[in-house]
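The values are calculated or read from the model by the stated rules, or taken from the named source; none is laboratory data. The structure presented is a predicted model; accordingly, all values stated were derived computationally and were not measured. For neighbour counting, all protein chains shown are included, and Cβ atoms are generated from backbone atoms with ideal geometry for every residue, glycine included. Accessible surface is based on the protein model in full, side chains and every heavy atom, while ligands, DNA and RNA are left aside. Shrake-Rupley method; radii C 1.70, N 1.55, O 1.52, S 1.80 Å.
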Amino acid sequence: MSLHIIEHPLLSDRISKLRDKNTSKTNFAAYLDQASTILAAFSTKNLALQPCKVETPLETTSCFILRDQVILVPILRAGLGMLKSFQSLIPEAQVLFLGATRNEKTFQATLYHGQIPKISPHHRVFLLDPMLATGSTAKRAVEFLKENGALSIRIVCCIASPEGIKAVHHAHEEIEIFTGCVDREVDSRGFILPGLGDAGDRLYG
């Protein structure tokens, strides 16, 4: 299945607090970080392991360590609010920062970026953005990552729209999407309804 709606009481609670227009900028960042920790745990549950031997204080035992190499790709600005939680769980992950500007009439996205890490088909790439709205930015980001060698890409967001999900899967049917909920629709301005507003503005003012 390529769409995963994460059901967890703490995630539902944090998303409700993110939606609240009265949530302060400081609390919005905290709730997004907490929600992202839950999303990180669920979206990484199928990462591959490899066996190893570990010396405990008492004896040698057989264990498992992470085999997959991970690249985290936050979409600027709002995706930065999800990065810390993923890094706390996967500190060895590489990070690629992608920015996107959107044409307000066509909603088409143009990307900008810094140095690109070497991406191999074996890397597991996680595209981080609190909102999957029209899907334009996500589609372009996935296309860019594929052009640079990525084969395994997962989109992780707090809230998604039916239009965004459809747009991504129409262009890239194999892409897995992990989200906390699917909202009703996207309005004429490209905002998710009921949504939570502009996540970047609410994070950074």
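Restricting region 188-205 to residues that are modelled with pLDDT of 95 or more and surrounded by fewer than 19 Cβ atoms within 10 Å (Cβ to Cβ), which is farthest from ALA30 (Cα to Cα)?
The extreme case among them is LEU193.
Looking at (1) assigned to a strand (DSSP E or B); (2) of a type outside the set (Phe, Trp, Tyr); (3) at pLDDT below 95; (4) within 14 Å of LEU128 (Cα to Cα), find the lone condition where GLN50 falls short.
(4)
Of the conditions (1) touching a Leu at 6+ places or on another chain (Cβ under 6 Å); (2) over 23 Å from PRO162 (Cα atoms), LYS118 fails just one. Which one is it?
With respect to (1) touching a Leu at 6+ places or on another chain (Cβ under 6 Å); (2) over 23 Å from PRO162 (Cα atoms), LYS118 is out only on (1).
Condition (residue is in contact with a Pro (Cβ under 7 Å, 6 or more places away or on another chain) and open to solvent by less than 80 Å² (accessible area, probe 1.4 Å)) applied to region 26-38: is it met by at least one residue?
The answer is yes, given that some residue of region 26-38 is in contact with a Pro (Cβ under 7 Å, 6 or more places away or on another chain) and open to solvent by less than 80 Å² (accessible area, probe 1.4 Å).
I need the full set of residues from region 65-77 which are within 17 Å of ALA41 (Cα to Cα) and in a strand (DSSP E or B), in order please.
ILE65, LEU66, VAL70, ILE71, LEU72, VAL73, PRO74
What pairs come up if the first residue lies in region 8-27 and is of a type in the set (D, E, K, R), the second is open to solvent by 60 Å² or more (accessible area, probe 1.4 Å), and their beta carbons are under 7 Å apart, counting only those six or more places apart or on different chains?
Sorted first by the residue in region 8-27, then by its partner, the pairs are ARG14/GLN34; ARG19/PRO194; LYS25/GLY205.
When you look at ASP187, is it in contact with a strand residue (DSSP E or B) (Cβ under 7 Å, 6 or more places away or on another chain) and without any contact (Cβ under 8 Å) to a residue 12 or more places away in the chain, yes or no?
When the stated conditions are applied, ASP187 passes them.
Determine if region 122-143 includes at least one residue that is open to solvent by 70 Å² or more (accessible area, probe 1.4 Å) and at pLDDT below 90.
yes
Quick check on VAL182: is it hydrophobic (A, V, I, L, M, F, W, C), touching a strand residue (DSSP E or B) at 6+ places or on another chain (Cβ under 8 Å) and open to solvent by less than 50 Å² (accessible area, probe 1.4 Å)?
Against the criterion (hydrophobic (A, V, I, L, M, F, W, C), touching a strand residue (DSSP E or B) at 6+ places or on another chain (Cβ under 8 Å) and open to solvent by less than 50 Å² (accessible area, probe 1.4 Å)), VAL182 does not qualify.
Of all the residues that make up region 5-15, how many are surrounded by fewer than 18 Cβ atoms within 10 Å (Cβ to Cβ) and part of a helix (DSSP H, G or I)?
The number of residues fulfilling the criteria is 4.
So which residues in region 144-164 are of a type in the set (A, V, I, L, M) and surrounded by 20 or more Cβ atoms within 10 Å (Cβ to Cβ)?
Those that are of a type in the set (A, V, I, L, M) and surrounded by 20 or more Cβ atoms within 10 Å (Cβ to Cβ): LEU145, ALA150, ILE153, ILE155, VAL156, ILE159, ALA160.
Which condition from (1) over 25 Å from GLY99 (Cα atoms); (2) open to solvent by less than 50 Å² (accessible area, probe 1.4 Å) is the one that LEU18 breaks?
(1)
Inside region 57-81, can you point out the residues that are at pLDDT below 95, open to solvent by less than 70 Å² (accessible area, probe 1.4 Å) and over 27 Å from GLY114 (Cα atoms)?
Result: LEU66, single match.
Pick from region 16-33 the residues that are part of a helix (DSSP H, G or I) and of a type in the set (Gly, Ala, Ser): which of them is farthest from the chain's Cα centre (by Cα)?
SER16
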